[in-house]
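Asker: Quick one: this structure, given as structure tokens, is what I'll be asking you about.
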Amino acid sequence: MDFLNFLMALSPIVVVLVGILGFKKSAKTVSPIALAWTLILAFTYFNLDGLTFAENVKVLDPLVWKGIKEGLKIVLMVFGAFTILNLLRETGAIEDVKATIAQISDDRRVQVVIIGMMLPIFLEGAAGA
């Protein structure tokens with residue numbers, strides 16, 4: 001029974017992966033389907049207390065809105081990071097960063113490590129995370 005619970009809890013993630021990777025659909029199309037599947041599971045399979053539909057709605061409604069709110073936080077952080085990255089490209093600041101990194105070391109491996117460590121930190125800080 002525990003393994004079946006695990007598979008059922010994992011199934012919304014599988015729905016998203018199959019929809020995006022298998023059927024080549026956009027996240028805008030697949031996300032509502034995954035949300036509907038998750039709610040169906042919550043109302044039926046995971047309704048262990050035998051709550052009525054109205055009681056289930058009272059329990060699940062705030063949780064759904066919390067999930068949407070937390071997801072929007074992530075989307076806005078990524079949007080801010082990409083906005084700053086595009087701003088750096090358009091102003092030519094990326095070229096200055098390239099020149100600075102080239103001055104630190106001629107070895108490409110060292111440059112990759114520096115970029116790999118510092119660029120995400122910069123973008124995360126600039127996005128307000």
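The values are calculated or read from the model by the stated rules, or taken from the named source; none is laboratory data. All of these numbers come straight from a predicted model, not from anything done at the bench. Positions of Cβ are backbone-derived with ideal geometry, glycine not excepted, and every protein chain shown enters the neighbour counts.
Asker: Name, by its number, the condition in (1) over 30 Å from residue 9 (Cβ atoms); (2) surrounded by 11 or more Cβ atoms within 10 Å (Cβ to Cβ); (3) within 26 Å of the chain's Cα centre (by Cα) that does not hold for residue 117.
Answerer: (2)
Asker: Here are the criteria: (1) in a helix (DSSP H, G or I); (2) exposed (fewer than 10 other Cβ atoms within 10 Å of the Cβ). Tell me which single one residue 106 does not satisfy.
Answerer: (1)
Asker: So in segment 66-94, with the set limited to residues that are within 12 Å of the chain's Cα centre (by Cα) and closer than 17 Å to residue 122 by Cβ, which one is surrounded by the most Cβ atoms within 10 Å (Cβ to Cβ)?
Answerer: Only one residue fits best here, namely 77.
Asker: Keeping to segment 74-97, report how many residues are closer than 19 Å to residue 115 by Cβ and of a type in the set (Phe, Trp, Tyr).
Answerer: Number of matching residues: 1.
Asker: Identify, from the list 39, 63, the residue that is loosely packed, with under 12 Cβ neighbours inside 10 Å, at negative phi and in a helix (DSSP H, G or I).
Answerer: The conditions single out 63.
Asker: Is it true that some residue in segment 21-29 is among the aliphatic types (A, V, I, L, M), assigned to a helix (DSSP H, G or I) and in contact with a helix residue (DSSP H, G or I) (Cβ under 6 Å, 6 or more places away or on another chain)?
Answerer: No - not one qualifying residue is present in segment 21-29.
Asker: Counting only residues that are surrounded by 12 or more Cβ atoms within 10 Å (Cβ to Cβ) and either hydroxyl-bearing (Ser, Thr, Tyr) or part of a helix (DSSP H, G or I) (or both), which one in segment 51-60 is farthest from the chain's Cα centre (by Cα)?
Answerer: 55
Asker: A further question follows. Residues in segment 1-55 that are under 18 Å from residue 67 (Cα atoms), without any contact (Cβ under 8 Å) to a residue 24 or more places away in the chain and among the aromatic types (Phe, Trp, Tyr): how many?
Answerer: Qualifying residue count, segment 1-55: 1.
Asker: Which of the numbered conditions does residue 47 fail, given that it passes all the others? Conditions: (1) at pLDDT 90 or above; (2) surrounded by 11 or more Cβ atoms within 10 Å (Cβ to Cβ); (3) closer than 30 Å to residue 1 by Cβ.
Answerer: (1)
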